[in-house]
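Reviewing the structure listed below.
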Amino acid sequence: MGFLRIRTTVDERPGRLASLATALAEKGGNILGLSVQPDTDGTVDEFVAEIPASAESVREALEAVGGRRVQVVTATAHDLTDEPTRVLLLAARLRSMPWRLPEILRELLRADDARWVYGADLSDLPDPTLLTVPVAPRRAIRLRRVELPFTLTEAARAAALVRLAQPPVEAQSAERPVRLGDGSEAVIRPLTSLYREAVRDLHERCSPESRRFRYFTAMPSLPPRVFERLCDRNHGHSIVAGHDGQVVAMANLVFTPDPGIAEMAFLVEDRWQGRGLGRVLGRMLLEEARDLGFAEVRASFLSDNARMRRLLLSLGATLAYTEDPGVVEARIAVGVMATASPS
């Protein structure tokens, strides 16, 4: 009986994980470790198991219950260590020896190798066995792992470790003034219950079309229970943009039951649309998601919402139609965002 690391992609449907675990049990497997990671086209479930069956028979069993791209590789005793403890030890080593960042990233992701890349070499490569982790605008670390492709969650973990190696940044004020491309100014603040009336007024000033684009219906006002949920930082983080005593835009980062995934949405007053405010708010939400450890941010929008389409594409989203032909889903990988200032 040997140890195997088993990875498979499954559709995001209830019961899929139970089906995989049952299939491994029927092969005599004893699951010793499990992680669930979001990825570009489903959820990646990874098991470390003690199992007497051959790698090929395990692959066939998981494919029979809906597993896709099943990969089975030999595991070692090192793979059986407690994962949080292992990561904390790597973080401690990095704090004392930040110049060993490539080596520590390689150990974090169990990669085959890691090396610095610069300038023109920073472009993304269409190879899932390569991961480029930004360290500065023109400097990154590229990791290679032949047997198992990298996931969005692993990219987020690598980005978080990179930030640990960088000098501490000054704490930002809760208020962040921004100047837009047309010279207009706004102040970004966290959404709190103090803005109840201002958010109500924002909804009343927005056109029915703008409200339809945000809520998929021309909602004339925001129900109190929805407003309270948006203010609850246990359910998400929301921000508002203010100008001349009014709230002119609201952006929401909403936590989801899916591990490592958050959703975002925007409402911008009509006269403030087209000035770049949505992009500023979007970047702030993505930075917030990165700081909170999310691997991916998603957004759903109506197919005739051209402004939202352009905004999300400018933020690096990939788009796909959903089962509803009038709704498009955008997905943004948070872990590959550049996290450092120019060097």
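With every atom except the alpha carbons ignored, what do you get for Rg and Dmax of segment 1-40, in angstroms?
Both quantities, over Cα of segment 1-40: 11.0, 34 Å.
Round to the nearest 0.05 the FRET efficiency obtained for Leu319 and Arg68 when R0 = 25 Å and r is the Cβ-Cβ distance.
It comes to 0.70.
So how far apart, in nm, are the two label points at Thr22 and Leu194 if each is 7 Å from Cα heading toward Cβ?
The modelled label-to-label distance comes out at 5.4 nm.
Roughly how many Å is it from the Cα centre of segment 1-68 to that of segment 200-231, as a whole number?
Spelled out, the Cα-based centre of one part sits 43 Å from the other.
Once R0 is set to 35 Å, what does the formula 1/(1 + (r/R0)^6) return for the Cβ-Cβ distance between Met97 and Ala55, expressed as a FRET efficiency to the nearest 0.05? Before the final figure, lay out the partial values.
Working: r = 37 Å, r/R0 = 1.05.
Result of the calculation: an efficiency of 0.45.
Taking 0.36 nm per intervening residue step and subtracting the Cα-Cα distance, what contour gain separates Leu88 from Thr256 on full extension?
57.9 nm
Can you pull the Kirkwood radius for segment 155-290, inverse mean 1/r over Cα pairs, to one decimal in Å?
Working: mean 1/r = 0.0626 Å⁻¹.
Every distinct Cα pair counted, the radius reaches 16.0 Å.
Between Asp112 and Thr76, what is the spin-label point distance in nm, taking each point 7 Å from the Cα along the Cα→C-beta axis?
About 1.5 nm, to one decimal.
Choose one of Pro257, Leu152, Leu202: the residue whose Cα lies farthest towards the positive end of the charge dipole of the chain (beta-carbon charges +1 Lys, Arg; -1 Asp, Glu; about the Cα centre).
In the chain, that residue is Leu202.
Suppose R0 equals 25 Å. What FRET efficiency, 1/(1 + (r/R0)^6) with r the Cβ-Cβ distance, do Glu185 and Arg212 give to the nearest 0.05?
The computed FRET efficiency comes out at 0.30.
Take the solvent-accessible surface of the protein heavy atoms, probe 1.4 Å, and return the percent of it on segment 224-323 that carbon and sulfur atoms account for.
Values: 2240 of 4640 Å².
Carbon and sulfur atoms account for 48 percent of the accessible area of segment 224-323.
Give the relative contact order (percent, whole number) for segment 185-246; include only Cα pairs under 8 Å separated by 6+ residues.
Answer for segment 185-246 is 51 percent.
Which semi-axis lengths, in whole Å and largest first, follow from the square roots of five times the eigenvalues of the Cα gyration tensor of the chain?
40, 25, 17
Taking only DSSP H segments of four or more residues, each worth -39500 (n - 2.57), what value at 222 nm results for the chain once the sum is divided by all its residues, to the nearest 500 deg cm²/dmol?
That comes out to -9500 deg cm²/dmol.
Might you report the magnitude of the Cβ-based charge dipole of the chain about its Cα centre, with Lys and Arg at +1 and Asp and Glu at -1, to the nearest 20 debye?
Roughly 820 debye, rounded to the nearest 20.
Before I look further, what does segment 210-264 give for accessible area per residue, probe 1.4 Å, in whole square angstrom?
Per-residue accessible area for segment 210-264 comes out at 48 Å².
Would you mind listing how long segment 47-93 runs along its three principal axes, going by Cα atoms, in whole Å with the largest first?
Between the extreme Cα coordinates on each principal axis of segment 47-93 lie 42, 21, 12 Å.
Mind checking Rg over Rh on segment 4-77, alpha carbons, Kirkwood formula for Rh?
Across segment 4-77, the Cα-based Rg/Rh ratio is 0.92.
Segment 236-312: D in µm²/s via Stokes-Einstein (Kirkwood Rh, Cα pairs, 4 °C, 1.567 mPa s)?
Values: Rh = 13.0 Å.
The calculation lands on 100 µm²/s.
Expressed in nm to one decimal, what extension gain is obtained for the pair Ser300 and Ile31 from 0.36 nm per residue of sequence separation less their Cα-Cα distance?
93.2 nm
Would you mind calculating the relative contact order of the chain from Cα pairs under 8 angstrom and at least 6 residues apart, reporting the percent as a whole number? Provide the component values of the computation, followed by the final result.
Details: 607 pairs, mean separation 49.6, N = 343.
In percent, rounded to a whole number, it is 14.
In whole Å and largest first, what semi-axes does the C-alpha gyration tensor of segment 196-256 yield when each eigenvalue is scaled by 5 and square-rooted?
One finds semi-axes of 18, 15, 10 Å for segment 196-256.
The values are calculated or read from the model by the stated rules, or taken from the named source; none is laboratory data. Remember, predicted model here, so these are calculated numbers, not experimental data. Neighbour counts run over all protein chains shown; Cβ positions are idealised from the backbone, glycine included. Just the protein is used for accessible areas: all its heavy atoms, side chains included, with ligands, DNA and RNA removed. Shrake-Rupley method; radii C 1.70, N 1.55, O 1.52, S 1.80 Å.
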